[in-house]
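The values are calculated or read from the model by the stated rules, or taken from the named source; none is laboratory data. In this text, all values refer to a predicted model and were calculated from it rather than measured experimentally. We place every Cβ from the backbone using ideal geometry, glycine too, and count neighbours over all the protein chains shown.
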């Protein structure tokens, strides 16, 4: 069986709860229409269809649109070597959906990072706290409305006390160049 066959099985089980499947460049994707049911769909995908690995869980900020966020679950079945993508949309007003850490333990840190960087909460998560920023930090740095230059902080000796400069910083790639290596900021010399 291939990924499209598995997607059709999921669609057969959950019906109108899923939209799709869609296929693009050989990758199959389904969208969970009701984000509150994403854990149920994931549990079925793991237990009944053999998608025993959550490869990645990421979030997309669709700033200016509703729903604001899209969560992307990358599933893989080790025994049948099939890859499947599930998406769930979450509005800014709700910004919460059920955890899948009970389905795949690897979701624990993925969900913590999404909470820390985007502010999306996961109901039932066993330890939902910041993973990169410090507790009490009032912003979510990967949101599109967060300024590229950062925000000043009033906490001395934590990160920067002034806004971090973006121009010429260590993570700013140079335009042009023959390949990605030439654009890599860490290999640039002062003459570039």
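Name the strands (runs of 3 or more DSSP E) wholly within the range 45-147 that hold at least 3 residues that are closer than 19 Å to residue 28 by Cβ and either touching a residue at least 24 places away in the same chain (Cβ under 8 Å) or assigned by TED's automatic domain parsing to the domain that holds residue 7 (or both)? Give the derivation first.
Details: elements: 53-61, 69-77, 82-90, 96-98, 121-123.
Passing ranges, in order: 53-61, 69-77, 82-90.
Taking the conditions exactly as written (modelled with pLDDT of 95 or more, within 20 Å of the chain's Cα centre (by Cα) and exposed (fewer than 15 other Cβ atoms within 10 Å of the Cβ)), does residue 108 satisfy them or not? Walk me through how you get there before you give the answer.
Values: modelled with pLDDT of 95 or more: yes; within 20 Å of the chain's Cα centre (by Cα): yes; exposed (fewer than 15 other Cβ atoms within 10 Å of the Cβ): no.
Against the criterion (modelled with pLDDT of 95 or more, within 20 Å of the chain's Cα centre (by Cα) and exposed (fewer than 15 other Cβ atoms within 10 Å of the Cβ)), residue 108 does not qualify.
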